[in-house]
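Trainee: Sending over a structure as structure tokens; questions will come in a sec.
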Amino acid sequence: MRLLIIEDEPGIAGFLKEGLEEEYFAVDTAFDGKTGLDLALTNDYDLLIVDWMIPGINGIELCREVRKAGSQVPILFLTAKDTLEDVVFGLDAGANDYIKKPFAFEELLARIRVQLRMKTMVSDILSAGELTINPVTHQIFFHADEITLTPKEFALLEYLVRNKERVCTRSRIIEHVWDIHFDYDTSVIDVYINFLRKKLEAAGCRNLIQTIRGIGYIIREPECMV
């Protein structure tokens, strides 16, 4: 799952990004409201974490603009503004939840999971043949056997399965899973694809990830077999 953090304090943004990536999320960051709003409206995020007091467009205005655009992406306010009136004002602007600074990372993570559980129903569990992925619990099964992946391997496989039957180009993979621009050395993708294939094949799921030479990779359901 892909999250967007909009926070103008680099230390907090970096801490959140590192912690959430360790929990198997792909994470983008923005340090001002205008950049954050542009990203929120042009990318498909599963949840936004928004600081109230950010330069340019503040968190309240950003939230209203996201809702005005018709997006129902969950928004979690993370802010030092902590009066009852502030909480009500933030929720009325369209936020789904509100956590006050200073905060415990475990509480933030629990609140994120609550929002994702509400957003992700059973029908949203991803599958490719007999392989299933639960994006909320970060579990992967082939038949009844669970497959253990690293956070980056999980993010890569989730992205490919979400886009099954479509070619995933190297540029799109590197931007979505590694959160960096397409001109980066994309050979890292090949390394992780190799890791994934070995773990999937060890579980009995063969030929799931196919190479489209010179372009990227694709998952086609009929090829996932015992």
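Trainee: Just want to confirm a number: the relative contact order over the stretch 16-118, from Cα pairs under 8 angstrom separated by 6+ residues, in percent. Don't jump to the answer; show the numbers that get you there.
Mentor: Values: 119 pairs, mean separation 23.3, N = 103.
In percent, rounded to a whole number, it is 23.
Trainee: Residues with amide H under 5 Å of SER127's amide H, sequence separation 5 or more or different chain, H placed in the peptide plane at 1.01 Å from N; which?
Mentor: The answer is ILE133.
Trainee: Another one. In the chain, with Lys and Arg counted as +1 and Asp and Glu as -1 at Cβ, which of these residues, GLY11, VAL66, GLN139, has the Cα nearest the positive end of the dipole, that is, farthest along it?
Mentor: Most positive-ward Cα: GLN139.
Trainee: Above 24 Å lies some portion of the pair distances; for the stretch 123-223, what is it as a whole percent of all C-alpha pairs? Write down the numbers at each step before the final one.
Mentor: On the way: 769 of 5050 pairs.
Percentage above 24 Å: 15.
Trainee: Another question, if that's okay. Once Lys and Arg get +1 and Asp and Glu get -1 on their Cβ, which of LEU196, THR148, THR186 lies farthest toward the positive end of the dipole of the stretch 123-223?
Mentor: So the residue furthest toward the plus end is THR186.
Trainee: Subtracting the Cα-Cα distance from 0.36 nm times the residue separation, let me have the gained length for PHE195 to PHE15 in nm, one decimal.
Mentor: Full extension from PHE195 to PHE15 adds 62.1 nm.
Trainee: Relative to the Cα centre, what is the charge dipole magnitude of the chain, using +1 at the beta carbon of each Lys and Arg, -1 at the beta carbon of each Asp and Glu, and rounding to the nearest 20 debye? Walk me through the numbers on the way to the answer.
Mentor: Details: 25 positive and 37 negative charges, 148 e Å.
Dipole size: approximately 700 debye.
Trainee: Under the rule of -39500 (n - 2.57) per DSSP H run of 4 or more residues, summed and divided by the residues of the chain, what mean residue ellipticity at 222 nm is obtained, to the nearest 500 deg cm²/dmol? Present the calculation step by step, with values, prior to reporting the outcome.
Mentor: Values: 8 runs with 93 residues, N = 226.
Dividing the helical sum by the residues of the chain leaves -12500 deg cm²/dmol.
Trainee: How many Lys pairs in the stretch 2-119 lie less than 20 angstrom apart by Cα atoms, where the lysines are 8 or more positions apart or on different chains? Could you put the intermediate results ahead of the total?
Mentor: Values: LYS17/LYS34; LYS17/LYS100; LYS17/LYS101; LYS34/LYS68; LYS68/LYS119; LYS81/LYS100; LYS81/LYS101.
Within the stretch 2-119, the lysine pair count is 7.
Trainee: Please name which of ILE54, ALA104, THR169 has its Cα lying farthest along the dipole of the chain towards the positive end, using unit charges on Cβ (Lys, Arg +1; Asp, Glu -1) and the Cα centre as origin.
Mentor: Of the listed residues, the answer is THR169.
Trainee: Among 162-175, 202-215, what's the highest-first ranking by average C-beta atoms within 10 angstrom per residue? Don't jump to the answer; show the numbers that get you there.
Mentor: Numbers: 162-175: 16.7, 202-215: 14.1.
My ranking of the peptides, most packed first, is 162-175, 202-215.
Coordinate-derived values only; no laboratory data. Keep in mind the model is a prediction, meaning the values are calculated, not measured. No Cβ is skipped: glycine too gets one built from the backbone with ideal geometry, and neighbour counts run over all protein chains shown.
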